[in-house]
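The values are calculated or read from the model by the stated rules, or taken from the named source; none is laboratory data. None of these values were measured; they are calculated from a predicted model. Virtual Cβ from ideal backbone geometry, glycine too; neighbours counted across all protein chains shown.
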Amino acid sequence: MERLFKFLFEYRAFFTFLLLESFCIWMVVENNQYQSTTYFNTSNRIAANIISTSQQVRDYFALGEINTNLANENASLRKKLDQQSHALQSIELAQFKDTLLINRFEYVSAKVINNSTRQYKNFITINRGSTFGLEPGMAVISQWGVVGKVKSVSANYAVLISLLNIDDQVSSKIKRTGHFGTVQWDGLDASVVDLKYIPRHVAPIVGDTIVTSGYNAVFPEGILIGFIKEVKLSEESPFHQIKVELSQDFGKLSYVEVVKSNLKKEQDSLEVLTKGIPK
């Protein structure tokens, strides 16, 4: 405290000058309309900029929570859309309402916490696990399209086998024609996959939309995969060579939705019982 008083005493002339200067400025602003208007306009502009900057900082730090809420909302909306679709199909076919059929799929939103795109066998880690009902084999999608499948789970985490994995295959179809095949990555370009087993009598064209076929109980039907980028057909080949540009940029993957199929076990059990071949 003694040092403070000593400092103020030593610089008393300077502080007196500042006080008088501030008083003069106030008198000028207070008694002159032009200076008063200029002062208040300038101060308001500075205050507005400070408030705007402060709000932008708060908004930035709130993005994580906002993204999580949006991901949860997307999962909820996707489930409702799926329910409405099955309900409309039931009405059109004059069938009775089956609650389990309408609730065939459930969706769990999750954040990507680790992701690779430069390997031949890429994997993705998310912050949801068995605590949220996740199991190996479940499909994983994003708002832009197919992502992959659940490979393994712990209580709070899951590792996904990415669509950018040479071992992963997804049953798919050309939306325009309805012909189905299999999508598989060749390990080269992280934005392109191969669409296999489309017979030569089909006429795919560049720009055709590729979606999931729905021929298994893992992926819902009609989930976007990408768009045909290139079509080739050699004379001796029974199938087209088709390159599909992915709709999902895996380098920007942040949030996903895990698809819980409520009918998968029933379908798998019936097929194993009928065919005698494990799925």
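When the stretch 211-223 is filtered for residues that are within 19 Å of the chain's Cα centre (by Cα) and either among the polar types (S, T, N, Q) or modelled with pLDDT of 95 or more (or both), the ones remaining, listed by number, are V211, T212.
Filtering the stretch 99-153 to residues that are at positive phi and in contact (Cβ under 8 Å) with a residue 60 or more places away in the chain leaves G133, G137, G145. Checked against (1) touching a Gly at 6+ places or on another chain (Cβ under 6 Å); (2) surrounded by 15 or more Cβ atoms within 10 Å (Cβ to Cβ); (3) assigned to a loop (DSSP other than H, G, I, E, B), A155 meets all criteria but (2). Applying the set (1) of a type in the set (D, E, K, R); (2) assigned to a loop (DSSP other than H, G, I, E, B); (3) over 21 Å from S142 (Cβ atoms) to E221 leaves exactly one unmet item: (3).
If you go through the stretch 230-264 and keep only what is under 23 Å from K196 (Cβ atoms), surrounded by 15 or more Cβ atoms within 10 Å (Cβ to Cβ) and polar (S, T, N, Q), you end up with S247, Q248.
Consider the stretch 236-279 and keep the residues that are among the charged types (D, E, K, R), farther than 30 Å from Y157 by Cβ and over 29 Å from the mean Cα position of the chain (by Cα). The one that is modelled with the lowest pLDDT is E271.
Regarding G207, is this residue in a loop (DSSP other than H, G, I, E, B) and under 14 Å from E245 (Cα atoms)? Considered against the rule, which asks whether it is in a loop (DSSP other than H, G, I, E, B) and under 14 Å from E245 (Cα atoms), G207 comes out as yes.
Scan the stretch 162-186 for residues that are in a strand (DSSP E or B) and surrounded by 21 or more Cβ atoms within 10 Å (Cβ to Cβ) and the total you get is 10.
In the set (1) on the phi > 0 side of the Ramachandran plot; (2) more than 21 Å from the chain's Cα centre (by Cα), P199 fails one condition alone, (1). Here V259 fits the description: closer than 23 Å to S116 by Cβ, in a strand (DSSP E or B) and in contact (Cβ under 8 Å) with a residue 12 or more places away in the chain. For the stretch 199-229, the set of residues classified as among the hydroxyl-bearing types (S, T, Y) and either crowded, with 20+ Cβ neighbours inside 10 Å or within 21 Å of N262 (Cα to Cα) (or both) consists of T212, S213, Y215, listed by residue number.
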